[in-house]
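Take a look at the structure set out below.
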Amino acid sequence: MSEATNKQLDNSSNVTDIYSEHIEWATNLGEKTIHAKRAPGRFRTLKYFTESLWLIFFFGAYLRWNGKQAVLLDVNNRQFHIFNITILPQDIWMVSLLLLLMAMTLFAVTSVASRVFCGYFCFQTAWVDLFTWIEEKIEGNPNKRHKLDAAPLSLHKIRVKATKHLIWFAIAIFTGISFTVWFVDAHSYWDDLLHFHLSAIEKATLFAFTMGTYVLAGFLREQTCLWLCPYARIQAVMADSQTILPAYDLQRGEPRGKLQKGKVIEKQGDCIDCFQCVQVCPTGVDIRDGQQLGCITCGLCLDACDSVMDKIGRPRGLIRYASLDELEGRSVKKIYQHPRTFIYVGILLLALSGIIYGLTHLGNLTLRVAPERQPLYVTMSDGSIQNKYTFKVLNKTDKDVEVKVSAEGGIPGQILVDADKPQLIHHGKAAGFTVFVKAPGANVHEEVTKIEFRVVNILNPAMSAEYDTVFNGPEDEHGHEHK
Amino acid sequence: MSDNHDSASGVPTSGHVWDDDLADFVNQPPKWWMLGLTASAIWVVVYLLIYPAIPLPSAGTFFKGIGLPGLNVPQPGVDAKDNNKWTAIKELSQDQAELDAVRKPFEDKIKVMTPAAILADDKLTEYVTRSGKVLFSDNCAACHGQNGKGTFQSGKFAMREQGYMAPILLDDDWLYGGKIDDIYTSISGGRQGMMVAHKDSLSAQQIDDVAKYVKAMSEEGGKDKADADSAVAAGKKVFAESDCTACHGADAKGMAAMGSANLTDKIWRFDGSIAGITQTITYGVNSGDPQARVAIMPVWLKKDEQGHVVSKLDETAIKKLAVYVYKFGGGQKDEVAAAPAVEAVPAAK
């Protein structure tokens, strides 16, 4: 046999080895319910704190401000109220910047510290955590739950299961209500709800969010993260070998082996194969297989492993937040040494400054003036030239205002016909009206003359808006004579 | 099939092996996914039966579907047994009814109000100018132009009309008066311009002289200026001595009662050049002469003997049009409407 044939044989056996690996890739399709163990620890405590931010979602809408709901996303009337600020559709571009800001924050955090959002802040994680906490209180620890699931139907089982589902459903309904009250006045919503007066869209929202919560947090659980969530799928392109994430220290842990009393086994690693890290995982992954789709980087396996290491007298951190570079002994760069950090921070600052600019330049009156185009001008019986303008004034304040129209520039001797009449603009609404400008024909020398219109609040002259447009006239045959 | 299994994992394969050991796994999709697929397929059948998608002879016609029990969409003129069936026509008529309900309070008011009263109400004026725009485009714009900007006559009648086919409605010059009631009368009753042909009563020289005089009145800024201009003295004499003043008035400012034009302003109903004016004087307006200018506004409100409206437009539509045209910018204030405000002053004392 030649050396080449030998090599070929070696290669082919390597290829076949790959296939045996697929056992490790066993896909979780939700056939087996995961009953994760709840173990105390640093990350468990942190998770309770971050998840309790969702209390704002439940109770924030009831906050009042100057007699009105502090945060009201009034989609029906096309205006967002956030404390003193009212955002009308004209300013909605800020929402796109807000989305950009949030997306970029998500990307930046993911590239630095992996799926922090998934593990600590995501509503799916938070609600599943709440649901399983209730499950544990009612059905007992994971062992008992597995037994109860396998047990034949009995009165006891029905009672326990029904209690659990009732509480789950109550939470789901309250979630649906809590979502809806951000979009309608919370107080009148409860009134309507208790009198069964909800509008069709309110009913649909309540139903969708109740059922969504009940099904997603109660039944689909980690399946949502595995098969429904797009973010879980795209995170792989944002994380790299410099990203820190919960990782198993292969060098220290392997070869793993069971701990045997009174014996020290040579060459055995620190991992005692106790499966505590798998038992506590809410998505049921084995972190020792490396970073994977199911890992929401919640750090619960770190807590479990640390407590075991404490018991067997080994240093903590067999599973720890570490980058691939660190684990494989390569040099670890600081955050500020990554160019991507600066790119992300740059985009974040851009979006943020855009939002701040928008919020500080909301203004209170907006004026748009459209000159009539068909015809551009009209010759009146005394030879004067008349232009017609359609005014659109938007009142962004929460009070009705009366405005007066004036003009600067234009033609000498021009008159604003009927412009002395105050125009009422209701709060949060746009009003349209027509203004005629009549100028002596002898003074109109140009086809197009610049004119600036101004609307001023009669009661508060500091509140005004301007708009630049043009006064149209006939082509002046004797233009040169006038000069 | 079932005896084909991957040796390493025990997962069933499709049985097709290539490159020695490469095989196709036959993993089932998740159960919930399969349930969703089945439910969608069943829903398609249900949907097709309920809605008018499959021609069903049992439904009476072929395009009604079997309907949805509990759905109640009555429509006038449709058999009550079809109330549970959805059709696009029904949806349309429901939408129209919805729209009519919004319009009704406005329409009811307009029906009993005078055009002047509508004009005094800002909200109604706003409503009326919006529906007036549609009416104007449908009925008036053919002659008066889109937005009332006038339409130049072209083609067969171009020579005869020489100028606007119908007056521009945007300016403040009105042959028959620019008050709101005058406009209403002009639309409902129509108008016919009339000016006799002067080709027999005046000589060509006289017509030429008076045309220049009339042109001077417009260009120089009034009759006084033209009278002082010795260049057009011959025309002044013709104007004063022939029948011109009978219709256009001694001050040449026209009479709204008969629709004679104001000759001293800058607006020309027909061609304002000397040649154009000469033609108007020579052949007249609606005079019967084949060369005469044509100026006819049709009658828009016609009633039969019982008083029923038989024309395309009814009083409400014409009221809307009158207000719409008034708001073009040339409407003249109504002294009568303003009068009560004056009377209110002593009452306040």
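Filtered by the rule that a residue be open to solvent by 40 Å² or more (accessible area, probe 1.4 Å), part of a loop (DSSP other than H, G, I, E, B) and of a type outside the set (S, T, N, Q), the stretch B:11-36 gives B:ASP19, B:ASP20, B:ASP21, B:VAL26, B:PRO29. Under the condition of being open to solvent by 30 Å² or more (accessible area, probe 1.4 Å) and over 20 Å from B:TYR164 (Cα atoms), the residues counted in the stretch B:279-333 number 17.
For A:THR224, the conditions (1) surrounded by fewer than 18 Cβ atoms within 10 Å (Cβ to Cβ); (2) in contact with a Leu (Cβ under 7 Å, 6 or more places away or on another chain); (3) in the same structural domain as A:THR180 (by TED's automatic domain parsing) all hold with the exception of (1). Scanning the stretch B:227-262 for residues that are of a type in the set (A, V, I, L, M), open to solvent by less than 20 Å² (accessible area, probe 1.4 Å) and in contact (Cβ under 8 Å) with a residue 24 or more places away in the chain yields a count of 2. With the structure loaded, tell me whether B:ASP181 is surrounded by fewer than 22 Cβ atoms within 10 Å (Cβ to Cβ), at pLDDT 90 or above and closer than 17 Å to B:ALA322 by Cβ or whether it fails that test. Yes: the conditions hold for B:ASP181.
Just checking, does the stretch A:258-275 include any residue being open to solvent by 40 Å² or more (accessible area, probe 1.4 Å) and either closer than 30 Å to A:PHE169 by Cβ or not in a loop (DSSP other than H, G, I, E, B) (or both)?
Restricting attention to the stretch A:258-275, the residues satisfying the condition of being open to solvent by 40 Å² or more (accessible area, probe 1.4 Å) are A:258-268, A:274-275.
Now drop any that are not either closer than 30 Å to A:PHE169 by Cβ or not in a loop (DSSP other than H, G, I, E, B) (or both), which leaves none.
No: zero hits.
Residue count for the stretch A:184-214 under the criterion of being buried (at least 17 other Cβ atoms within 10 Å of the Cβ), of a type in the set (Phe, Trp, Tyr) and either under 24 Å from A:PHE131 (Cβ atoms) or at pLDDT 95 or above (or both): the result is 2.
For the stretch A:352-411, a residue qualifies if it is under 43 Å from the mean Cα position of the chain (by Cα) and among the aromatic types (Phe, Trp, Tyr), and the qualifying residues are A:TYR357, A:TYR389, A:PHE391. Looking across the stretch A:236-257, the residues that are more than 21 Å from A:LEU293 (Cβ to Cβ) and in a loop (DSSP other than H, G, I, E, B) come down to A:ASP249, A:GLU254, A:PRO255, A:ARG256, A:GLY257.
From A:LYS404, A:LYS388, grab the single residue that is under 25 Å from B:LEU169 (Cα atoms) and either at pLDDT 90 or above or not in a loop (DSSP other than H, G, I, E, B) (or both).
Answer to the check: A:LYS388.
Which of the numbered conditions does A:CYS301 fail, given that it passes all the others? Conditions: (1) under 29 Å from the mean Cα position of the chain (by Cα); (2) open to solvent by 70 Å² or more (accessible area, probe 1.4 Å). Tallying (1) under 29 Å from the mean Cα position of the chain (by Cα); (2) open to solvent by 70 Å² or more (accessible area, probe 1.4 Å), A:CYS301 fails exactly one: (2).
Among helices (runs of 4 or more DSSP H) entirely within the stretch B:89-152, having at least 2 residues that are among the small types (Gly, Ala, Ser) and surrounded by 17 or more Cβ atoms within 10 Å (Cβ to Cβ) singles out B:122-139.
How about the stretch A:386-396: which of its residues are more than 7 Å from every other protein chain (Cβ to nearest Cβ) and open to solvent by 10 Å² or more (accessible area, probe 1.4 Å)?
Here is the first cut: in the stretch A:386-396, the ones more than 7 Å from every other protein chain (Cβ to nearest Cβ) are A:387, A:389-396.
Matches in the stretch A:386-396: A:THR390, A:LYS392, A:LEU394, A:LYS396.
Evaluating A:GLN374 against the criteria (1) within 14 Å of chain B (Cβ to nearest Cβ); (2) under 25 Å from A:GLU466 (Cβ atoms) leaves one unmet condition, (2). Among the residues of the stretch A:308-344, those that are in contact with a helix residue (DSSP H, G or I) (Cβ under 9 Å, 6 or more places away or on another chain) and open to solvent by less than 50 Å² (accessible area, probe 1.4 Å) comprise A:VAL308, A:GLY317, A:LEU318, A:ILE319, A:LEU327, A:HIS338, A:ARG340, A:THR341, A:TYR344. Number of residues in the stretch A:397-432 that are within 14 Å of chain B (Cβ to nearest Cβ) and either of a type in the set (Lys, Arg) or in contact with an Asp or Glu (Cβ under 9 Å, 6 or more places away or on another chain) (or both) equals 8.
For the stretch A:230-254, a residue qualifies if it is at pLDDT below 85 and touching a Lys or Arg at 6+ places or on another chain (Cβ under 7 Å), and exactly one does: A:GLN235. Pairs are defined by a Cβ separation below 6 Å, a sequence spacing of at least 6 or placement on different chains, a first member in the stretch A:439-454 that is over 18 Å from A:THR390 (Cβ atoms), and a second member that is open to solvent by 50 Å² or more (accessible area, probe 1.4 Å) and assigned to a helix (DSSP H, G or I); the pairs so defined are A:HIS445/A:HIS482. Can we say A:ILE177 is assigned by TED's automatic domain parsing to the domain that holds A:LYS47 and open to solvent by 30 Å² or more (accessible area, probe 1.4 Å)? No, not satisfied. Only a single criterion out of (1) under 30 Å from A:ASN84 (Cα atoms); (2) within 14 Å of chain B (Cβ to nearest Cβ) is not satisfied by A:ALA442, namely (1).
The values are calculated or read from the model by the stated rules, or taken from the named source; none is laboratory data. Model, not experiment: these values are computed from the prediction. Positions of Cβ are backbone-derived with ideal geometry, glycine not excepted, and every protein chain shown enters the neighbour counts. Surface areas here come from the heavy atoms of the whole protein model, side chains and all, with no ligands, DNA or RNA. Shrake-Rupley method; radii C 1.70, N 1.55, O 1.52, S 1.80 Å.
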